[in-house]
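The values are calculated or read from the model by the stated rules, or taken from the named source; none is laboratory data. Remember, it's a predicted structure, so these values are computed and weren't measured experimentally. Cβ: placed from backbone, ideal geometry, glycine included. Neighbour counts: every protein chain shown. We work out accessible area using only protein heavy atoms, side chains counted, and drop any ligands, DNA or RNA first. Shrake-Rupley method; radii C 1.70, N 1.55, O 1.52, S 1.80 Å.
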Amino acid sequence: MTPSYWPLADLRLTTGDMVLRPMTEPDLGPLADLLPEDVEQNPVFPSYGGRDGRRARGTTLHQTYWHSLGTWRPESWNLPLTVSVGGTPVGVQTLEADDFAARRTVDSSSWLTMTARGRGIGKRMRLAVLTLAFDGLGAEVAETSAWHGNAASLGVSRSLGYVDNGVFTHADRGRVDEMRRMRLTRHAFAQQQHADVRIEGLSTCLPFFGVG
């Protein structure tokens, strides 16, 4: 990517030894190799005959990345961020929004490698994108959702100030179950003490997010 044409390439979120930066083409293969089996795939993308397991998941990861770039508009965007700790990739954190200039509402999702789980990394990377959303972009609300039995994800959300916001029935790869919606306001986020998150390279990106 050339920053003069695509300034998002220079965006960085840093907290301690963790760095979040926009995913790039060279990241795709290594991330596909790390993608755990239990990570939900985007159902809008097709399956291909003769491809299953890791190859199928990796194919969808590639298409999800290309789709996020190819369909980006100030009115509707999806930012996938590669997350590294101590220089080692450990997962992906996304931030997305529709009609952000009017609604000031973002949604997020993420995944971590198996070895990175249970170490507080999920909370730190969510905190980083929430800081980008609230402090950098001027969001008023952050939303997310998780399977009702996903205690780790729900626990991260609650620890950051999210509150329950209803349930809905969701279907994925033959599984049909309830998911919990969670909601966090700017006011609730500001009431908590958080580790410092440094945002770099944002000013030139603001028009891409529909801000300013």
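Some observations on this one:
- Residues in region 80-124 that are among the hydrophobic types (A, V, I, L, M, F, W, C) and under 25 Å from Gly70 (Cβ atoms): Leu81, Val83, Val92, Leu95, Ala97, Phe100, Ala101, Ala102, Val106, Trp111.
- Test: residue in region 61-72 that is at pLDDT 95 or above and in a loop (DSSP other than H, G, I, E, B): yes
- Entry remark, region 136-158: residues being part of a helix (DSSP H, G or I), farther than 23 Å from Asp17 by Cβ, in contact (Cβ under 8 Å) with a residue 24 or more places away in the chain and open to solvent by 30 Å² or more (accessible area, probe 1.4 Å) number 1 in total.
- Among the residues of region 161-173, none qualifies, meaning not one is at pLDDT below 95 and under 18 Å from Arg21 (Cβ atoms).
- If you check Ala128, Ala146 for being at pLDDT below 90 and within 16 Å of the chain's Cα centre (by Cα), only one passes: Ala146.
- Scanning region 1-38 for residues that are open to solvent by 20 Å² or more (accessible area, probe 1.4 Å) and part of a loop (DSSP other than H, G, I, E, B) yields Met1, Thr2, Pro3, Ser4, Tyr5, Trp6, Gly16, Asp17, Thr24, Glu37, Asp38.
- Subset of region 101-138 [farther than 22 Å from Arg180 by Cβ and small (Gly, Ala, Ser)]: Ala101, Ala102, Ala116, Ala128, Gly136, Gly138
- Residue count for region 82-135, restricted to those that are in a helix (DSSP H, G or I), in contact (Cβ under 8 Å) with a residue 40 or more places away in the chain and open to solvent by less than 20 Å² (accessible area, probe 1.4 Å): 10.
- Hits in region 104-122 (condition: modelled with pLDDT of 95 or more and over 24 Å from Thr24 (Cβ atoms)): Arg104, Thr105
- Taking the criterion of being farther than 19 Å from Thr185 by Cβ and either more than 16 Å from the chain's Cα centre (by Cα) or among the charged types (D, E, K, R) (or both), the residues of region 90-115 that qualify are Met114, Thr115.
- Unmet criterion (only one of (1) open to solvent by 10 Å² or more (accessible area, probe 1.4 Å); (2) modelled with pLDDT under 95) for Ser203: (2)
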